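The values are calculated or read from the model by the stated rules, or taken from the named source; none is laboratory data. Quick caveat, the model's predicted, so the values are computed rather than measured. Positions of Cβ are backbone-derived with ideal geometry, glycine not excepted, and every protein chain shown enters the neighbour counts. These accessible areas exclude ligands, DNA and RNA; they are computed on the full protein's heavy atoms, side chains included. Shrake-Rupley method; radii C 1.70, N 1.55, O 1.52, S 1.80 Å.
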Amino acid sequence: MHFSFFQNDKHQLMLVIEYQFSDPDGAMFIYDGGDTAILFHDWDNTLRFRDLPPKTREALKAVGEIRVVETVDDAIIRDYPVRVRMVSNVKSFII
């Protein structure tokens, strides 16, 4: 899965991912400060992100919310806020 993080002109941290066919339901970004994170999109869809670069890690530690942007090709299909939940060990959430 291809993804990218960047800050927009409003200094919001954004995560761009491929379009998810289900609607976000209680979406939450789970993170522990390391190189792995999880986006709980809905009850049937969880995405894992590995090898996060150091700049992204620092940015994630400093925010309480990110914006998730779902795209198909270069078209934005959906854009929504997601709370960042800091945990002690994100890998314990991976089944």
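A few remarks follow.
- Residue in segment 79-92 that is open to solvent by 60 Å² or more (accessible area, probe 1.4 Å), within 21 Å of Gln7 (Cβ to Cβ) and without any contact (Cβ under 8 Å) to a residue 40 or more places away in the chain present: yes
- Filter result for Val69 (buried (at least 17 other Cβ atoms within 10 Å of the Cβ) and in contact (Cβ under 8 Å) with a residue 24 or more places away in the chain): yes
- Scope segment 3-36; condition farther than 23 Å from Asp73 by Cα and either more than 11 Å from the chain's Cα centre (by Cα) or open to solvent by less than 20 Å² (accessible area, probe 1.4 Å) (or both); matching residues: Lys10, His11, Asp25, Gly26, Phe29, Ile30, Tyr31, Asp32, Gly33, Gly34, Asp35, Thr36
- Single match in Phe29, Phe21, Phe5 (criterion: among the hydrophobic types (A, V, I, L, M, F, W, C) and assigned to a loop (DSSP other than H, G, I, E, B)): Phe21
- Sole exception among (1) of a type outside the set (Val, Ile, Thr); (2) touching a Ser or Thr at 6+ places or on another chain (Cβ under 6 Å); (3) free of Cβ contacts under 8 Å to residues at least 24 places away in the same chain for Asn45, by number: (3)
- Test: residue in segment 37-52 that is of a type in the set (D, E, K, R) and either open to solvent by less than 30 Å² (accessible area, probe 1.4 Å) or part of a strand (DSSP E or B) (or both): yes
- Test result for Ile76, in contact with a strand residue (DSSP E or B) (Cβ under 8 Å, 6 or more places away or on another chain) and crowded, with 16+ Cβ neighbours inside 10 Å: no
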